[in-house]
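Beneath this line is the structure, given in structure tokens, with notes to follow.
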Amino acid sequence: MKDFVAGMKQRPLFWLTLIALLPRVVAAIFSGGYFAQDDHFLVIEAAQSWVDGFDYNNWLPWNQGADPVPSGHMMLYPGFHFLLFKLCGWLGLTDPSWKMVLVRLLHALWSLITVRAGYRIALRLSTPEVAWRCGLFLALFFFMPFLSVRNLVEMVSIPPLMLCAWWLIRTVARPTWKDALVAGMFAGLAIDLRFQSAFFGCGAGLALLLLRDVRGAVLFGVGMLIPVVLVQAGIDMFIWGRPFAEMTEYVRYNLANSTTYFDQPWYNYLLVLAGIFIPPFSLAVLFGFFKRPKPLLIWLPVFSFLFFHSLFPNKQERFILTIVPLVLVLGYTVWETFREKSTWWQRHRGLWRGVLAWTWALNIVLLVPLCFSYSKRERVEAMLMLRDRPVHGVIIEDTAEQDPPMLPLFYLGQWHVTQKVLTDPDADVKAIAAQLGAGTDMVLFIGKEQLGSRVKHVEDALGPMRLIGRAEPGLLDRVMHWLNPVNRNVVITIYAFGTPTGD
């Protein structure tokens with residue numbers, strides 16, 4: 001056992017990588033579905049529809065008619081999935097569930113950069129023991145494996161920002177033109193993935209100027225522009241015939257819709273950080289982060305990102321995920337330095353051991369089920385039930401709450417299915433069904449509220465229907481609904497009507 005522990009200390013990066021990989025692989029295989037609307041419909045649906053000769057979101061100008069308008073989305077990330085799904089098609093991999101396992105495995109490998117870079121940064125800022133514990137948190141914090149395998153640009157842009165921070169901290173010890181340039185290039189790559197990463201890059205440039213490293217600031221700026229110009233401007237030139245078309249529309253749309261979706265108070269993200277790191281450990285991390293703005297080259301970019309997101313009214317919890325690992329690294333290393341020098345904490349070492357024991361115990365309790373959680377299960381399973389059927393049209397009946405979910409057609413594999421929404425209980429059902437045309441059509445009843453009467457109401461208009469099946473929500477969605485009923489999770493009951501071909 002002593003030899004094993006000694007071996008881990010001699011090769012900490014290897015063991016941290018292995019420890020981090022295990023729960024991520026488990027999540028990649030067993031944690032199906034998607035976490036939020038954007039991580040599926042703005043990435044997976046778009047990419048697969050392009051492969052199949054369709055344009056699900058109508059983003060491409062040649063599908064918009066005479067006066068096309070950019071949608072305001074960075075195309076690099078969905079474009080990567082387009083190439084991946086194209087390759088899957090050439091290799092004969094057509095099953096959507098297995099394609100998503102492959103996608104999640106690739107994201108699991110990508111996220112290991114966060115753990116490795118975070119450990120190296122912590123090692124520069126503190127002792128090997130503190131760096132090791134920091135690396136363990138990055139590897140095993142309950143939300144990291146689950147979110148790392150999702151198609152969230154907020155998570156996907158973390159590795160290049162971690163590498164940017166690593167190359168920036170290298171300039172402190174031995175400032176060279178290469179370090180600043182490479183750091184800027186990683187910041188530019190993060191911007192290509194998610195435009196808001198520009199706040200991080202601007203903070204780094206400002207930090208270099210405050211440290212009177214004008215040459216470093218210029219090189220960092222040049223490095224940041226290289227991937228932005230080559231990738232973002234290059235893709236827009238190919239699609240739109242002009243550079244930065246999507247980026248310009250993105251800025252315009254967000255300024256015009258700053259309060260359309262959410263309007264949260266300025267301190268909202270501080271509450272998110274205080275909760276996600278598990279209190280009271282989270283309070284120690286935040287104390288450390290705000291206690292000492294050092295090293296400025298990393299602290300100021302992180303603070304800049306947090307500051308501008310806190311000012312903007314539209315605040316969704318996932319928006320702040322991009323800087324969570326660096327907040328942990330900076331806050332935890334400073335806290336440990338403070339704690340070791342504090343006479344009070346030296347007299348109460350048992351208290352801190354208790355805090356860590358509580359944090360890890362609760363973390364493991366949350367980590368294990370999350371790695372096996374199937375998010376949005378009912379929506380995915382409903383589409384898989386219909387995948388091998390010749391579905392012509394779908395009526396989404398949600399007269400219970402008048403808030404029907406979007407259907408993930410990626411799992412259905414049929415993009416030209418006509419969809420009609422029925423939310424008004426007094427609507428003419430027969431007229432809505434007539435818009436679908438002749439063929440095998442489906443009615444998806446959302447929710448179980450008054451289900452019997454709702455089914456009878458539709459049958460009175462359309463005639464007898466055939467029950468296809470029911471798709472149940474997963475454990476995670478049920479828990480999220482219990483915690484906050486705004487997070488809707490419903491049973492989807494599927495009936496068929498019309499020509500029974502293939503049923």
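In table form, for the structure just shown:
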{"quantity": "Label point 7 Å beyond Cα of L105 along Cβ direction - residues of region 64-90 with amide nitrogen under 19 Å", "calculated": "81-90"}
{"quantity": "Per-residue HN-Hα couplings for region 157-170 [Karplus 6.51, -1.76, 1.60; θ = phi - 60°; Hz; x = Gly/Pro]", "calculated": "7, 5, x, x, 6, 5, 5, 4, 5, 5, 6, 5, 5, 5"}
{"quantity": "Amide H within-cut-off set for V394, under 5 Å, with H built and near neighbours excluded", "calculated": "T418, Q419, K420, M442"}
{"quantity": "In Hz, Karplus ³J(HN,Hα) per residue of region 461-470 (6.51, -1.76, 1.60; θ = phi - 60°; x = Gly, Pro)", "calculated": "8, 10, x, x, 10, 10, 6, 8, x, 10"}
{"quantity": "Point-to-point label distance, R11-V51, nm (Cα→Cβ direction, 7 Å offset)", "calculated": "3.6 nm"}
{"quantity": "Against the rule of thumb 2.2 N^0.38 Å, how large the Cα Rg of region 74-135 comes out", "calculated": "1.65"}
{"quantity": "FRET efficiency, L230 to F80 (Cβ-Cβ, R0 22 Å, nearest 0.05)", "calculated": "0.90"}
{"quantity": "Gain upon complete extension [R212, R488; 0.36 nm per residue less C-alpha separation]", "calculated": "94.2 nm"}
{"quantity": "Segment T176-W62, extension gain: residue separation times 0.36 nm, minus the distance between their alpha carbons", "calculated": "36.4 nm"}
{"quantity": "Kirkwood-based shape ratio for the chain, expressed as Rg/Rh from alpha carbons", "calculated": "1.01"}
{"quantity": "Region 377-498 - convex hull of the alpha-carbon atoms, volume per residue in Å³", "calculated": "94 Å³"}
{"quantity": "Considering only region 377-498, percent of DSSP beta bridges that pair antiparallel, nearest 5", "calculated": "55 percent"}
{"quantity": "The chain, helix-only ellipticity at 222 nm - DSSP H runs n ≥ 4, -39,500 (n - 2.57), divided by all residues, nearest 500", "calculated": "-19500 deg cm²/dmol"}
{"quantity": "Candidate lysines for bridging to K341, where Cα separation is under 16 Å - those fewer than 8 sequence places away on the same chain excluded", "calculated": "K291"}
{"quantity": "Region 185-196 - phi-based ³J(HN,Hα) in whole Hz, Karplus 6.51/-1.76/1.60, Gly and Pro as x", "calculated": "5, 5, 5, x, 4, 4, 5, 4, 7, 8, 4, 4"}
{"quantity": "Peptides ranked, highest mean first, by Cβ atoms within 10 Å: ranges 142-153, 389-400", "calculated": "142-153, 389-400"}
{"quantity": "Cut-off 20 Å, label 7 Å out along Cα→Cβ of L87, residues of region 8-50 by amide N", "calculated": "25, 28-29, 43-50"}
{"quantity": "Sequence-distant lysines (8 or more away, or on other chains) whose Cα lies within less than 19 Å of K99", "calculated": "K86, K376"}
{"quantity": "Extreme residue, positive dipole direction of region 377-498, given options I468, F445, Y495 (C-beta unit charges)", "calculated": "I468"}
{"quantity": "Relative contact order (%) - region 15-371, alpha-carbon pairs under 8 angstrom, separation at least six", "calculated": "21 percent"}
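Here, each number is a calculation from the coordinates, and none is a lab measurement. From a predicted model like this one, the values you see are computed outputs, not experimental measurements. With ideal geometry, Cβ positions are generated from the backbone for all residues, glycine too; neighbour counts draw on all protein chains shown.
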